[in-house]
Amino acid sequence: MTVKDPRAAGLAALAGLLADRTRAACLLALLDGRAWTNGELARHAGVAASTLSEHLGKLVAGGLLIEERQGRHRYVRLADARVAQLVEELTARVAPEAAAPRPRTLREASAGSALARGRTCYDHLAGRLGIAITDALTERGLLSVTGGAAAAAAPAWPVTEERGTGFALTEAGLKWFGDAGIGLAHTGRRPLARACLDWTERRPHLAGVAGAELCRHALDTGWCIRIGSGRAVRLTATGEHTLSTLLDIDPDTLH
């Protein structure tokens, strides 16, 4: 039987790129939004640098990663936010016991707890921290639900824009971001607000331009800081006070 849909070959090729544990490990590591070297990813994935280089070549050729060179060093990063969304949402659909297996050491348990408490998902906040902020924005009428995965997460508010992305900022929300000193330069095709399914909380958190700028502002102003070199972030005393003041978030829910 002849397959007539021209997208079938492309979909099969994409699935093939993801259907490898080493390549999957690289994509998950790169969800921190930063560029990694071949050696760093090889150590993370537990394979030889030469083996990792072959995998990265396939991911670059497939459009999932982009390559940057500085002198002798080769860096790779996720191609764009759409790739990050694909990886995060596929991960969220993995069975919980497979997505978060039982830790074997105290160090693994501590790292897992830190990621669940708060982390970056490419360029926006995720984990309990990201969910708490998203819930607070929604409850205050600053963020509305437009359907899809976010529909069951919170009550619906009047929608002002960005239909079909799961979330939308209301007029009050746009003003809130401005008053908080968080710029929202809306250029290109990326939506202003979008729902991203959280793989630990199994609920959507805020992504898109608004999510990215909120995360950038939180890190730049010291509301939260990165833990080590991974994706985990920790809310600071300044962040707790600020989120309590701006969004009435109970700090106890973030620990």
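Between residue 19 and residue 219, the distance separating the two model label sites (each 7 Å from Cα on the Cα→Cβ line) works out to 3.4 nm. Stretching the chain fully between residue 43 and residue 202 yields a gain of 54.3 nm (0.36 nm per residue, less the alpha carbon separation).
Rounded to 0.05, the FRET efficiency of the residue 179 and residue 139 pair, given R0 = 22 Å and the Cβ-Cβ distance, is 0.80. Using the alpha carbons alone, the radius of gyration of region 181-255 stands to its Kirkwood radius in an Rg to Rh ratio of 0.97. Compute the FRET efficiency between residue 172 and residue 241 as 1/(1 + (r/R0)^6), taking r as their Cβ-Cβ distance and R0 = 30 Å, and round to the nearest 0.05. For R0 = 30 Å, the calculated efficiency reads 0.85. So, with a 1.4 angstrom probe, what is the percent of accessible area on region 181-221 that is carbon and sulfur? Answer for region 181-221: carbon and sulfur cover 51 percent of the accessible area. What is the extension gain from residue 7 to residue 53, computed as 0.36 nm multiplied by their sequence separation minus the C-alpha to C-alpha distance, in nm to one decimal? The residue 7-residue 53 span can extend by a further 13.8 nm. Per-residue extension of 0.36 nm, minus the Cα-Cα distance of residue 61 and residue 86, leaves a gain of 7.3 nm for this segment. Dipole size of region 172-219 about its Cα centre, with +1 on Lys/Arg Cβ and -1 on Asp/Glu Cβ: approximately 180 debye, rounded to the nearest 20. Sorting the segments 73-86, 208-221, 237-250 by their residues' average number of neighbouring beta-carbon atoms within 10 angstrom, most packed first, yields 208-221, 73-86, 237-250. If you average the sequence gap of Cα pairs under 8 Å that are 6 or more apart and divide by the length of region 165-255, what percent do you get for the contact order? Rounded, it is 17 percent for region 165-255.
The values are calculated or read from the model by the stated rules, or taken from the named source; none is laboratory data. Since we're looking at a predicted model, the values are computed, not measured. Every residue, glycine among them, receives a Cβ derived from its backbone with ideal geometry; neighbour counts consider all protein chains shown. Side chains are part of the model used for accessible areas, which takes the heavy atoms of the whole protein and leaves out ligands, DNA and RNA. Shrake-Rupley method; radii C 1.70, N 1.55, O 1.52, S 1.80 Å.
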